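Enquirer: This is the structure I have questions about; it appears just below.
Computed from the coordinates by the stated procedures, all read-outs in this text should not be read as laboratory data. In this text, all values refer to a predicted model and were calculated from it rather than measured experimentally. Cβ atoms come from the backbone with ideal geometry, glycine included; neighbour counts cover every protein chain shown.
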Amino acid sequence: MGLTEDKAAIRKAAFAARKAAFDLDAGGASGLLSSVLAGYRGVPVSGYMPIRSEIDPLPAMAEAAAHGPVGVPVIRAAGQPLVFSIWTLDAEMAEGPFGAQVPAVEDLMQPEIVIVPLVAFTRAGARLGYGGGFYDRTLEQLRAERATLAIGFAYGAQQVQDLPVEPTDQPLDMIVTDTEIIEV
């Protein structure tokens, strides 16, 4: 099996595990993420607007927004890095690419902490996303300009033993799940 087939098989199993964890989520899954972000008050953060069965970072983002700028990713085009627009709890949102909500009024910012949604992850900081490479390109660009902390956010059920890693894959610095904080 080639790398693409490996990733497709892992992605399929990870989606099923994530959906099962999502179905059991009674809320409060972002508590540990809030505790991590509390140590970085005022530092520009990007979160994400959850889609499908992604773990919900919005409560942690709302807390962080009380202390500093919080943005969400905006997809400009395939093959391009993400940009980030300021988000607030009461911001008017509009439909963006892939069904993710984006602020209706764009106000760009540059995060120093990026909360990354995951399909699967390893304890060593490898991640599997949806396959578009958006976060890899974005983290590479941000890290070339300044130290940028990449925090993967996922259900513990999304952890896998091993993932195929490509040279363009950007590692996570930390993974926060619904049950633990994993320092990479």
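Enquirer: Per residue and in cubic angstrom, what volume does the convex hull of the Cα atoms of the range 1-73 have?
Expert: About 110 Å³ per residue, rounded to a whole number.
Enquirer: Another question, if that's okay. Using just the helices of the chain, give the 222 nm mean residue ellipticity in deg cm²/dmol: DSSP H runs with n ≥ 4 each add -39,500 (n - 2.57), and the total is spread over all residues, rounded to 500.
Expert: -8500 deg cm²/dmol
Enquirer: Along Cα→Cβ, 7 Å out, is where each label goes; now give me the distance between the ones at A8 and E92 in nm to one decimal.
Expert: 4.3
Enquirer: Sticking with this structure for a sec: Could you give the distance between the Cα centres of the range 133-162 and the range 53-111, to the whole Å?
Expert: Going from one Cα centre to the other spans 16 Å.
Enquirer: At 25 °C and 0.890 mPa s, what whole-number value in µm²/s does Stokes-Einstein give for the translational diffusion of the chain, with Rh from the Kirkwood sum over Cα pairs?
Expert: 149
Enquirer: Out of all DSSP beta bridges in the chain, what portion is antiparallel? Express it as a percent rounded to 5.
Expert: For the chain, the DSSP antiparallel bridge percentage is about 50.
Enquirer: Now, a different point. For A78 and D162 in one chain, what is 0.36 nm times their gap in residues minus the Cα-Cα distance, to one decimal in nm?
Expert: 27.5 nm
Enquirer: Return the distance in nm (one decimal) between the two label points of a simple spin-label model at Q110 and I51, each offset 7 Å from Cα along Cα→Cβ.
Expert: Label-label distance for Q110 and I51, simple model: 2.7 nm.
Enquirer: If you don't mind, another one. Dipole magnitude of the chain about its Cα centre, charges +1 at Lys/Arg Cβ and -1 at Asp/Glu Cβ only, in debye to the nearest 20?
Expert: 260
Enquirer: Please report T138, T168 as a ranked list, fewest other C-beta atoms within 10 angstrom at the top and most at the bottom.
Expert: Placing the least packed residue first, the sequence is T168, T138.
Enquirer: One-quarter of the Cα convex hull surface for the range 98-176, in nm²?
Expert: 6.0
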